[in-house]
Structure formats: structure tokens, C-alpha cells
1. Can you name the residue in region 297-316 that is of a type in the set (Asp, Glu) and within 23 Å of residue 241 (Cβ to Cβ) and is also least open to solvent (accessible area, probe 1.4 Å) among such residues?
2. Given region 44-115, what strands (runs of 3 or more DSSP E) lie entirely inside it while holding 2 or more residues that are open to solvent by less than 50 Å² (accessible area, probe 1.4 Å), free of Cβ contacts under 8 Å to residues at least 60 places away in the same chain and in contact with a helix residue (DSSP H, G or I) (Cβ under 6 Å, 6 or more places away or on another chain)?
3. Give the number of residues within region 347-386 that are more than 19 Å from residue 410 (Cα to Cα) and of a type in the set (A, V, I, L, M).
4. Quick check: is even one residue across region 24-40 touching a residue at least 60 places away in the same chain (Cβ under 8 Å), in contact with a Leu (Cβ under 9 Å, 6 or more places away or on another chain), open to solvent by 70 Å² or more (accessible area, probe 1.4 Å) and under 24 Å from residue 201 (Cβ atoms)?
5. Residue 145 passes all but one of (1) within 28 Å of residue 92 (Cα to Cα); (2) open to solvent by 30 Å² or more (accessible area, probe 1.4 Å); which number fails?
6. Mind counting the residues in region 98-155 that are hydroxyl-bearing (Ser, Thr, Tyr) and modelled with pLDDT of 95 or more?
7. Condition first: closer than 13 Å to residue 86 by Cα and of a type in the set (Phe, Trp, Tyr). Now tell me which residues in region 199-235 satisfy that.
8. Among residues belonging to region 67-97 that are within 24 Å of residue 221 (Cα to Cα) and among the acidic types (Asp, Glu), point out the one that is nearest to the chain's Cα centre (by Cα).
Amino acid sequence: DLIQQIVDDIIVENGKVRGVVTHIGARYGAKAVVVTTGTFLRGKIFIGFNEFEGGRMWEPAANKLTDFYVRHGFRVGRLKTGTPVRIDGTTIDFSKMERQDGDEPPPFFSFWTEKKTVEQIPCWLTYTTPETHRVIRENLHRSPMYGERKLIKGVGVRYCPSIEDKVVKFPDKERHQVFVEPEGRNTIEFYPNGVSTSLPYDVQEKIIRSIPGLEEAKIIRPAYGIEYDFVDPTILYPTLETKIIKGLFHAGQINGTTGYEEAGGQGIVAGINAGLYALGKDERFVLTRDEAFIGVMIDDLTTRGVREPYRLFTSRAEYRLLIRYDNADYRLAKYGYRFGLISREQYEKVKKKYETVKVFIENAKTVKLKPNQVNEYLKSCGTSEITESKSIYELAKRPETSLKELLKIAG
């Protein structure tokens, strides 16, 4: 069932979750609860020195749930993020921007997707100007982060800073990239990625109109900064269940992360484990650092905690050569099958694929090419010729050669 209310409290008996209480006094029993508050925990929105409560623009904050966490001994902190304006696409001059097309053919997230035609919608690239930077510098005193009244106390996102952050921290840069993205297929709204700000609205208008292609742009929704509570993630097991209360799970920004993918990755782990817990099963779903990037993220969060909004990078993974996107099915299909997310037929297909790969590699080690077969090709590639027979496996290790061509030579 989908129920739209604000949760004010969580019911706990003998250290176990028993349900939730909403702002209108409704009580819902539950064997497990997953809390995914996003930026709503005591969320406060800032546009210049104007501040008002909200979890997102025009959506109410969850103000009472933090009291539950403080009461039960959880460590609560404060973080900050922000978002750019939304622009009316009919007022954008795309002729002044660089068109940025998607991949052709478009890659699919799922290994099961059959080939299909998808009409691609382009994004557009433009840049800030010296005028943009002048406007920002002249109005920093009106910023809730940099002004005389420092209203924002939470730690911001280092990896996607606000435009005023970029201008202050990189004064030598003459311009910053602005990636203009459509919000969807059936809307005129565009999202100018790269100009997140919490400066006042009149300054936002000047910033936008100083950017090539946006001189006549109409703002549909203003940009804003948002500050919100999070709960120290070291209080979690790798299943994302809290160590203090059984059956209570956390996922997303409540754990100090930032970004949709980070939230989605935690959401599936917390969701599966909450399901297993509610069903009374002893089994737990834990991904390790050498199995998945989700495993790297959850290990980082639960063992190291966060000092700033956490974002996942390949550089955080010591096994990054093993946990590639092209072998995700090899690493994770067994879990998908175990938890009923993929069929037996799909799982057998994955197993067959990698058995075939294994046989292929073994054959590549045994099939050898003689010098007179392959030297002409090696010479054309700009790599050294061979004097004795070498296996396809050995020759394919050379960066200059193509496995496809070697197989062709071998017949």
C-alpha cells in the first residue's frame, strides 16, 4: 500500500521496531522499517537570506523524526546541498550552445534488454562568463554561506559545488561548464547543471542571463541551498540495519551520502535485508568490496563514517579492475536469482555465457600461430614480430593487436 503522510515517530518495543506514528496520529504496525529521508530531516531551504522549512521546494520538512534519533542515542549531524534553477526551454537559444548527443546506439542498464530503437534527446553545453563571475563576486555578501550572516552551518558537497563556491575557490578560472539538460520528454523544463546556488533570486536572474544561450531565459523555479540532518552511518551493520534498534534500516542521504545512484544502491540492499528480516529468515544480503561498488560504499560508510556528503568514485575501490560494468551479471546474478529478482532461465543464461568464456580462454591458450601466419599482421600493427609460435592468448595481451583479427588469422 502507498500511504502519503509525514512520519513523526517510530514505535520501538524491547529494542525492536514495531511500526511508525504519523503527524495525524495514525499508527502503522511493521516488522521492519526502512528510513529514506533524503533532505527532509529538519530540512531548511535558503534563497539568499530568505529561509524556510522544506525537504524540497514546496514540500514540507520532517521536523519531529530527528527527536526520535536523539532520544535513542543516535549521533545526528547536519549537511548541505543545493540545486540550480529550472528554465523554460522555449526561451533558450540553443544556437549559442554546443550540442551533446548521447551514445549511439544507446547502451542499456540491463543485460536482458533486447535491442530497441530509442529516440535520443540531446543535452547542450555552454559556459559561465567573466560577467557571471563579476555578478557573483559583487553579491557574495548576500550569500547565506559567504555573507555577513552565515546562515548555513552544514558541510556542503565537495564534488558538485555551488557556482559561488567555484568562483571563490578557483579565482583563476575564466569560465565554468554549464550542462543544459532536459528534465524529461514531456516537459519544457531544463536543468542547467553546474550553476547550483543559494544566492538571492534577483542575483540568480543576472547569473543565468550572463550565460550564452540563456540571455532571454525565463526561470520556472529558483535555485536554492538546503540543509538537513543525517545520522552517523557507523551505527549500521553492512546490511544497513541499525545496531541500536533491530528491524530499523537506513538508506540514502540519512547515511550522509549524496547522489541518486548512491541512494539507489543503498535502497536495494536495505530493502532486501528488511524483507528478509520481516519474513523471519536468517539469511542476510551483504556485498563485499571485491564484489560490487555498492559493497565499497557501504563498507566506507559503516566503518569510516562521513565528514562531508559522500559520493562514490572508482578511485575508492581497490578492486576496480574486477568490479567492471561489463561483468556485473557474473558478479551479481547469483544474488538476483537467490532473492527472486531474476528467473532461473536468466540465471542459466548468465552461467552459460561465462562457461563459454572460460572454454574460449582455454582454447585461446592452446591455439598457436606460426611466425609466417601472423608476422605480417604484427608488423602492420607496429608491434614486434615473433620467431617462434605463440598462442592467441599471449598475442592478444599486446595492446596493439586485435583479438578479432587474431581469430580471423587462426581461421
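The values are calculated or read from the model by the stated rules, or taken from the named source; none is laboratory data. Since the model is a prediction, treat every value here as computed from it, not as a measurement. Here the Cβ is made from the backbone with ideal geometry for all residues, glycine too, and neighbour counts use every protein chain on show. Protein only, heavy atoms only, side chains kept; ligands, DNA and RNA dropped before computing areas. Shrake-Rupley method; radii C 1.70, N 1.55, O 1.52, S 1.80 Å.
1. 300
2. none
3. 1
4. No, because not a single residue in region 24-40 is touching a residue at least 60 places away in the same chain (Cβ under 8 Å), in contact with a Leu (Cβ under 9 Å, 6 or more places away or on another chain), open to solvent by 70 Å² or more (accessible area, probe 1.4 Å) and under 24 Å from residue 201 (Cβ atoms).
5. The failed condition is (1).
6. Step one: filter region 98-155 for residues hydroxyl-bearing (Ser, Thr, Tyr), giving 110, 113, 117, 126-129, 132, 143, 146.
Still in the list and also modelled with pLDDT of 95 or more: 126-129, 132.
Counting residues in region 98-155 that are hydroxyl-bearing (Ser, Thr, Tyr) and modelled with pLDDT of 95 or more gives 5.
7. Correct list: 201, 224.
8. Among residues in region 67-97 that are within 24 Å of residue 221 (Cα to Cα) and among the acidic types (Asp, Glu), the one nearest to the chain's Cα centre (by Cα) is 88.
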